[in-house]
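Here's the structure we're looking at; comments come further down.
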Amino acid sequence: MRSAKAEPRSHKRHLRQFRRTELRWILFSDETCAGGDEGQKCGGFYFLTRPVLVVRDPALVVSILVSDFAHFSSRGFHTNEQHDPLAKNLIHLDGQPWKLVRPKMTASFAINKLRTMIPDMDRFADKTLEQMSKHSTVNAEDFSDKFMIDVVCSCLFGIDSEAIENPDSAFYEVAKKIFDGYHFSVHVFVGYLFPALHTFARMTVARPEITDFFKKVTKDNLNLRESEGLSQRKDFFQTLVSMKETQQNCNDESGGAKVCDEDFIVANLFMFFSAGFDSSGKIGAFIIYELAANKEIQKILRTEVLRVLDKYDNKLSFEAIQEMVYLEKVVAEANRKYPILLVIFRKCEKAYRLPDGGLIEPGINVMIPSSAIHYDPKFYPDPEKFDPERFSEENKSRRHQGAYLPFGIGPRICPAWQFAIVELKVFIARIVSKYELDLHPSTNSPLRLHPRNFLLSPEKDILVNLTKV
């Protein structure tokens, strides 16, 4: 028998075992985790001639994303920076530029800053309730998206987007176009798997009209802050501006490369807007669906929310939100059942030895199917069921850290994940405090998801009937 020490096996052994398997099944099926050899921690496939390793074991996931991060620090996304103003966003940055900007961006979402944002979030929740009061049936995703757009624009960029109250809001119109069609998903997968083709085709992160919109918004906001002396604002946009103003330091720390220029501001305004409204907007809609479909869960949640609001004179504060323990479980379970980003992407930067002795060579693409892991019955029995009690302290303590990945984990975890959780809690708490939710007869139950969208989304509108409580 051949010894792993004598002749290390490469990633190709794992890839051959999955070579005939359909790509979508590998990435999204719970059988990716539960099926096959019980001891097998990873598999893979060939995308044409390009090998991709699929990691399904939570312990190995933690090794790749956290403890051995230095081997997999890159997401492997390719951009054409010379002609794409959106290329310098945090998600696409790698290496020294990423190391330079990441800590400064993350600081914009510290707990002390989140506390100051909650009154603004609550103000938009009130506006949302006012608009909902005009209808007996609402499109959950529509209202959730508009709330998130206004919150992101106000709290992060100091911009009034008017998405909730103005049906012709420019921000709402552009938001609907960002992930419409296949432009973004083609950019991601071609850049990830075939970077030379991505360069040759001059592919961009977004379509030209979307890029132009965010360039104009950035320029207008920069001019406004300069003319009206708003440079003392402590929001995310001002963090980006401050980094641009210290461009010389950025150059020195990144080996002379220009990182924090105006395109850098444009790119991150685009990316944080897109991630902030789309991911949270869809999760908000999914939560409304689950509460309408599970009336007992809705009842328990409403009882808790009303009790805490009564204690705090109907004011939502950071402390009040922290006391809504069942709300925390509901939001966590929604992020488990509906992980918006179905796959976590990485690229091996330095040779890495697998626990079984196999070798992942530099340049190999790695995919972690978070959706498949979230539906693995070993970690989540009866995974199709919406069960907030999965996230009781006792149940969480029994589960491996690498089995819950809605925002990723490790140094490249979403820097705004706590912001996303807080805005969701404010949105849901206010809605259940005012309305009883029931599924409209036209809403699919069980819910059917769109089979081709890059980000998880419902196939049809989630319509919900409202009854005042």
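The values are calculated or read from the model by the stated rules, or taken from the named source; none is laboratory data. Please read all numbers here as calculations on a predicted model, not as lab measurements. So basically every Cβ, Gly included, is an ideal-geometry build from the backbone, and we count neighbours across all protein chains shown. In case anyone asks, the SASA skips ligands and DNA or RNA and just uses the protein heavy atoms, side chains included. Shrake-Rupley method; radii C 1.70, N 1.55, O 1.52, S 1.80 Å.
Rounded to the nearest 500 deg cm²/dmol, what is the calculated helix-only ellipticity per residue at 222 nm for the chain, with -39500 (n - 2.57) per DSSP H run of length n ≥ 4? Each step should come with its number before you reach the end.
Numbers: 20 runs with 233 residues, N = 469.
Counting only the DSSP helices, I get -15500 deg cm²/dmol.
When ILE118, ILE300 are compared by accessible surface with a 1.4 Å probe, the order from highest to lowest is ILE300, ILE118.
Based only on Cα atoms, what Rg/Rh ratio does the stretch 377-469 have, Rh being taken as Kirkwood's radius?
Details: Rg = 16.4 Å, Rh = 16.4 Å.
With Rh from the inverse mean 1/r over Cα pairs, Rg/Rh is 1.00.
Pairs over the 27 Å Cα-Cα cut-off, from the set LYS127/LYS315; LYS234/LYS350; LYS177/LYS282; LYS146/LYS378; LYS99/LYS176: LYS234/LYS350; LYS146/LYS378; LYS99/LYS176. Stokes-Einstein diffusion for the chain at 25 °C, viscosity 0.890 mPa s, with a Kirkwood radius from C-alpha pairs, works out to 105 µm²/s. The length gained on full extension between VAL186 and ASN112, counted as 0.36 nm times the residue separation minus their Cα-Cα distance, comes to 22.8 nm. Sparse packing (at most 16 other Cβ atoms within 10 Å of the Cβ) combined with a DSSP loop state is found for the following chymotrypsin sites (Phe, Trp or Tyr not before Pro) in the stretch 255-315: TYR312. With 0.36 nm allotted per residue and the present C-alpha distance subtracted, the GLN131-GLN96 stretch has 8.0 nm of extension available. Remark: the stretch 189-195, residue by residue, has Karplus-estimated 3J(HN,Hα) of 6, 5, x, 6, 9, 9, x Hz, where x stands for each Gly or Pro and the curve is 6.51 cos²θ - 1.76 cosθ + 1.60 at θ = phi - 60°. Expressed per residue, the C-alpha convex hull volume of the stretch 267-368 stands at 175 Å³. Considering the stretch 104-188, its Cα convex hull presents a mean projected area of 7.3 nm². Summarising the label geometry, the points placed 7 Å from Cα in the beta-carbon direction at ALA170 and ARG399 lie 4.3 nm from one another. For ALA196 and ASP68, what is the calculated FRET efficiency with R₀ set at 30 Å and r taken between the beta-carbons, to the nearest 0.05? Efficiency, from the Cβ-Cβ distance: 0.60.
With every protein chain kept in place and ligands, DNA and RNA left out, what is the accessible area per residue of the chain? Probe 1.4 Å, answer in Å². Please list the in-between numbers first.
Numbers: 20540 Å² over 469 residues.
Per residue, the chain has 44 Å² of solvent-accessible surface.
Stretching the chain fully between PHE47 and GLU459 yields a gain of 145.6 nm (0.36 nm per residue, less the alpha carbon separation). Working from label points 7 Å from Cα in the Cα-to-Cβ sense, the LYS378 to LEU224 distance is 5.1 nm. To put it simply, the accessible area of the stretch 96-196 at a 1.4 Å probe is 54 percent carbon and sulfur.
Using equal-weight Cα scatterers in the Debye expression, the normalised intensity of the stretch 77-232 in log10 at q = 0.19 Å⁻¹ is -1.33.
What is the percent carbon and sulfur in the accessible area of the stretch 273-415, measuring with a 1.4 Å probe over the protein chains and ignoring ligands?
Values: 2870 of 5400 Å².
Percent of accessible area from carbon and sulfur atoms in the stretch 273-415: 53.
For trypsin sites (Lys or Arg not before Pro), the sites in the stretch 63-140 that DSSP calls loop and that have at most 12 other Cβ atoms within 10 Å are LYS134.
Ranked from largest to smallest solvent-accessible area, with a 1.4 Å probe on the protein heavy atoms, ARG207, ARG353, ARG336 come out as ARG353, ARG207, ARG336.
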